[in-house]
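Trainee: Before anything else, here's the structure in question.
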């Protein structure tokens with residue numbers, strides 16, 4: 001205990017009663033929590049409460065937000081009759097339906113591949129994960145040229161195998177798939193490293209035992225790998241659902257929701273409502289609807305993948 | 001089993017394994033190459049004149065006629081845009097948020113796990129529940145609050161909401177909780193104050209997780225997009241991601257410029273990634289392990 005020699009005196013009575021009969025430890029505990037709790041309250045809890053209030057009001061004066069008008073559930077009613085909202089919902093669901101399964105399955109396949117007996121695991125991991133550290137703005141700039149119809153990389157090479165390759169960002173049918181594909185490239189590394197860690201923590205003896213029973217390949221995957229990795233699969237699916245449901249920057253930067261509103265999304269519409277059209281109550285209501293949808297998805301997720309292998 | 005049969009089957013296994021292994025390597029490295037193609041494309045195009053870039057045919061190796069390689073895009077960016085200022089802004093915001101997050105998150109995690117006080121369970125419960133609040137749901141009211149506080153166009157307007165994230169509290173909580181209480185008891189007997197226990201026992205033990213958290217938060221806040229876009233409307237206050245997009249939308253037909261700014265915009269973080277790859281990956285894996 002060399003350190004003790006450098007400390008002179010000091011108090012050992014952390015449980016001494018002091019201020020107003022409170023234990024010293026209680027006072028200290030609260031004091032140590034206050035910095036985070038202050039930031040948390042002002043910038044996370046308070047907005048959530050204020051958002052509910054805003055969603056029940058309109059703001060007739062765009063420049064004076066103290067002027068409010070109570071509309072009850074008016075914003076919500078209006079929202080559920082708004083065709084732009086349904087279109088944005090459709091776009092978001094399409095994006096989620098393409099990107100989430102691809103992100104999860106590809107991440108898993110990559111992890112199981114790298115987990116095998118390969119040389120250069122570190123290099124592979126470094127490359128697979130690397131796009132994750134790019135900002136979405138860079139991803140959009142680069143892929144804007146990969147997808148470009150006039151000088152794009154993709155269509156130049158596709159031109160060898162097909163005639164008139166499509167405009168990836170200009171075709172209403174393809175634009176969401178293109179944005180989703182790019183997003184998979186950008187984010188799959190996140191899932192990959194989580195799956196890799198989960199796979200590496202499965203004890204090898206489970207596979208040896210299974211081998212003795214003649215269970216290899218697909219059966220070992222189904223009976224050992226998947227159940228053992230269940231927690232990380234649930235985690236990744238949840239995170240990706242929540243994240244991809246809030247897709248915003250890709251359409252904002254690359255397509256502005258076009259062509260003909262085919263790549264509009266919920267958060268993009270929320271952004272436009274609140275910050276271009278200054279409909280703050282409407283935007284806040286949309287935020288709350290978004291949360292309700294995400295909670296619903298979370299419940300369904302837990303019911304479907306959380307229980308099936310339990 | 002006769003020996004000949006065994007050696008033959010062993011030989012068959014060996015070659016089959018070798019073929020499998022070769023195929024696996026080809027698949028994994030081929031995939032890595034495909035993932036890296038956008039990088040090579042971006043780097044090579046950032047040095048080519050727009051004349052070549054508008055050609056539908058990509059030039060991986062520039063043709064040796066005319067002026068195949070140019071630094072004009074980089075020169076233009078450095079001379080005519082605020083890209084250096086944006087880089088500095090991004091450093092200040094991401095760095096400031098990271099320092100603040102590590103400080104206040106480790107303090108509350110310490111308080112919730114190593115000190116005993118009534119109500120701490122409820123506090124942790126509320127913080128955990130806030131995970132369910134998606135970030136974007138809050139942007140409209142949050143914008144009003146930040147605006148009322150006079151933080152629009154200020155670094156703090158971006159840093160403070162970032163510091164409210166519960167992720168760090170959650171990760172550190174799990175780690176601090178598992179530190180054996182004996183260390184602390186011994187220190188207390190030696191007369192350590194609470195502050196000394198925190199700085200001399202807990203923080204040194206938590207160094208790996210703290211550095212992983214710090215690097216992850218730095219990367220995350222460096223790349224943040226929507227919130228800085230809302231708060232920073234003044235060009236001199238932009239972070240790199242916002243500046244990049246503004247530059248792109250203002251010069252839609254200059255492919256070389258887009259590629260050069262993509263390189264300049266990601267270079268600082270890529271260098272950090274190459275150096276601290278292990279910690280950044282560990283921070284992601286910790287999230288998965290605790291989820």
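Trainee: Taking the square root of 5 times each eigenvalue of the Cα gyration tensor, what semi-axes in Å does the equivalent ellipsoid of segment A:169-237 have, largest first? Don't skip to the answer; put the middle values down first.
Mentor: Values: eigenvalues 245, 38, 15 Å².
Equivalent-ellipsoid dimensions as semi-axes: 35, 14, 9 Å.
Trainee: Dimensions of segment A:185-308 along principal axes (Cα, Å, largest first)?
Mentor: Taking max minus min along each principal axis of the Cα atoms, segment A:185-308 gives 67, 28, 22 Å.
Trainee: How do B:272, B:139 rank when sorted from fewest to most other Cβ atoms within 10 Å of their own Cβ?
Mentor: Ascending number of Cβ neighbours within 10 Å: B:272, B:139.
Trainee: For chain B, just the Cα set please: Rg and Dmax, both in angstrom.
Mentor: Rg, Dmax (Cα atoms, Å): 26.1, 87.
Trainee: For chain A, what is the Kirkwood hydrodynamic radius in Å, using each pair of distinct C-alpha atoms?
Mentor: Result for chain A, one decimal place: 23.9 Å.
Trainee: Also, quick follow-up: Using Stokes-Einstein with the Kirkwood hydrodynamic radius over Cα pairs, what translational diffusion coefficient do you get for the protein assembly as shown at 37 °C and a viscosity of 0.692 mPa s, in µm²/s rounded to a whole number?
Mentor: Translational diffusion coefficient: 122 µm²/s.
Trainee: How many percent of all Cα-Cα pairs in segment B:52-119 sit more than 18 Å apart?
Mentor: The calculated P(r) of segment B:52-119 puts 68 percent of pairs beyond 18 Å.
Trainee: Take the alpha-carbon positions of segment B:1-156, form their convex hull, and give its projected area averaged over all directions (one quarter of the hull surface) in nm². Don't skip to the answer; put the middle values down first.
Mentor: Values: hull surface 92.8 nm².
Taking the Cα atoms of segment B:1-156, their convex hull projects to 23.2 nm² on average.
Trainee: On alpha-carbon atoms, Rg over Rh for segment B:172-258 using Kirkwood Rh?
Mentor: Here the Rg-to-Rh quotient is 1.32.
Trainee: How do A:130, B:266, B:165, A:171 line up, fewest other C-beta atoms within 10 Å first?
Mentor: Least to most surrounded, the residues fall as A:171, A:130, B:165, B:266.
Trainee: Report P(r) for segment B:234-291: all Cα-Cα distances, bin width 5 Å, range 0 to the bin holding the largest distance, values in whole percent.
Mentor: Bin by bin from 0 Å, the calculated values are 4, 16, 18, 15, 14, 13, 11, 7, 2, 0.
Trainee: To continue, here is another question. With 10 angstrom as the radius, rank A:123, A:135, B:254, B:239 by how many other C-beta atoms surround their C-beta, starting from the fewest.
Mentor: The most exposed by this proxy come first: A:123, B:254, A:135, B:239.
Trainee: Further, regarding this structure: Label segment A:13-75 by shape, choosing from rounded, prolate and oblate, from the square roots a ≥ b ≥ c of the eigenvalues of the Cα gyration tensor; if a/c is under 1.5 it is rounded, and otherwise prolate applies when a/b is larger than b/c, oblate when it is not. Walk me through the numbers on the way to the answer.
Mentor: Details: a/c = 4.39, a/b = 3.96, b/c = 1.11.
Here segment A:13-75 falls in the prolate category.
Trainee: Moving on. Distance from the Cα centre of segment B:214-240 to that of segment A:123-176, in angstrom?
Mentor: Result: 25 Å between the Cα centres.
Where a number appears in this text, it was derived from the coordinates with a stated rule and is not lab data. Keep in mind that this is a model prediction, so the values were computed, not measured. Cβ: placed from backbone, ideal geometry, glycine included. Neighbour counts: every protein chain shown.
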